[in-house]
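Here's the structure, in structure tokens; my notes come after.
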Amino acid sequence: MAENSDIVIYSFLVLGTLIGVFKSIDWLISIKYRTKDECERCRNLIYEAINKDRDLLVRLDAKMDLVLEKMKEVKYD
């Protein structure tokens, strides 16, 4: 009788351990993909800011080219 109860207890312990291991693996995978999604969201914001800055730099560069051309045309006496 004691052997049967020991087998039942060990079976529940093994089953609980297996469930715990699978839940832990699932939790680790969910953390990985959650952080990946957060990184992609942040990366998109950074790329948008870089593209806005690049547009501003192109405009500034064009204006500076115009200013330098005008300065070359003006002769200093």
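Miscellaneous remarks
- Per residue accessible area in Å² of the chain, where ligands, DNA and RNA are left out and the probe is 1.4 Å: 100 Å²
- Computed about its Cα centre, the charge dipole of the chain is approximately 300 debye, with only Lys, Arg, Asp and Glu carrying charge at their Cβ.
- Straight-distance crosslink candidates among lysines, where the alpha carbon sits under 29 Å from Lys63 and sequence neighbours closer than 8 are dropped: Lys52, Lys72, Lys75
- Largest first and in whole Å, the equivalent-ellipsoid semi-axes of the chain read 74, 7, 4, each the square root of five times a Cα gyration tensor eigenvalue.
- Apportionment of accessible area to carbon and sulfur, the chain, percent (1.4 Å): 66 percent
The values are calculated or read from the model by the stated rules, or taken from the named source; none is laboratory data. Remember, it's a predicted structure, so these values are computed and weren't measured experimentally. Cβ atoms come from the backbone with ideal geometry, glycine included; neighbour counts cover every protein chain shown. Heads up: the accessible areas ignore ligands, DNA and RNA and are worked out on the full protein's heavy atoms, side chains in. Shrake-Rupley method; radii C 1.70, N 1.55, O 1.52, S 1.80 Å.
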